[in-house]
1. Do any helices (runs of 4 or more DSSP H) entirely within the stretch 1-99 hold 3 or more residues that are open to solvent by 90 Å² or more (accessible area, probe 1.4 Å), and if so, which?
2. So, LEU57, is that one within 22 Å of ILE91 (Cα to Cα), in contact with a strand residue (DSSP E or B) (Cβ under 9 Å, 6 or more places away or on another chain) and at pLDDT 95 or above or not?
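The values are calculated or read from the model by the stated rules, or taken from the named source; none is laboratory data. Just so we're clear, the structure is a prediction, and the values are computed from it rather than from any experiment. All Cβ positions, glycine included, derive from the backbone under ideal geometry; neighbour counts span all protein chains shown. Keep in mind that these areas ignore ligands, DNA and RNA; they rest on the heavy atoms of the full protein, side chains included. Shrake-Rupley method; radii C 1.70, N 1.55, O 1.52, S 1.80 Å.
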Amino acid sequence: MAGQAQYEELIRQFSAFGAVRRELGRILPSDCPSGSAAVLTLLGRHGDMRISKLAELLAVDMSVTSRHVAHVADRGWIERSPDPADKRSRILRLTPAGRDRLDDLSQRSCRLLAERLSDWSDDEVGQLTHLMARLRSSFDDCRMAHPEPRPPTTPEPERSTDRSPRTPAITT
């Protein structure tokens with residue numbers, strides 16, 4: 001198992017990876033911010049879905065997902081149609097214009113990566129891809145194994161009328 005020094009270096013590398021993400025974000029067209037690009041990418045990868053499934057895949061709140069969906073729908077990149085199984089819900093799907101935008105985003109990203117990784121071998125790119133997928137899977141596994149803690153079922157103690165600021169409790 002890796003030691004503390006290795007994990008600390010890994011944490012430093014994660015922090016530095018923000019620069020890579022920012023550069024990838026800079027190549028996005030001005031009318032397609034990263035949240036919109038993520039919506040298009042997920043619909044392209046997973047196909048038609050409900051907004052609740054999209055929010056789950058994005059790992060963001062429904063209100064954030066709704067804003068992203070409204071942005072791409074306003075541009076004609078997706079359509080929202082009634083879900084035959086539940087008329088209150090909507091199914092999201094890419095339009096031909098959305099597929100074109102997704103293809104453009106993919107080409108932009110691939111060009112940048114090909115440029116930046118031009119001195120990497122195919123094996124090195126494959127190893128990085130494999131290890132990143134494995135890392136992501138490890139975090140997904142942990143999230144499933146350790147669901148968010150539920151609030152206690154016992155009644156809360158009566159609150160005092162003291163209005164002084166409180167420091168939130170830190171739980172482990």
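1. 4-26
2. Spelling it out, it is not the case that LEU57 is within 22 Å of ILE91 (Cα to Cα), in contact with a strand residue (DSSP E or B) (Cβ under 9 Å, 6 or more places away or on another chain) and at pLDDT 95 or above.
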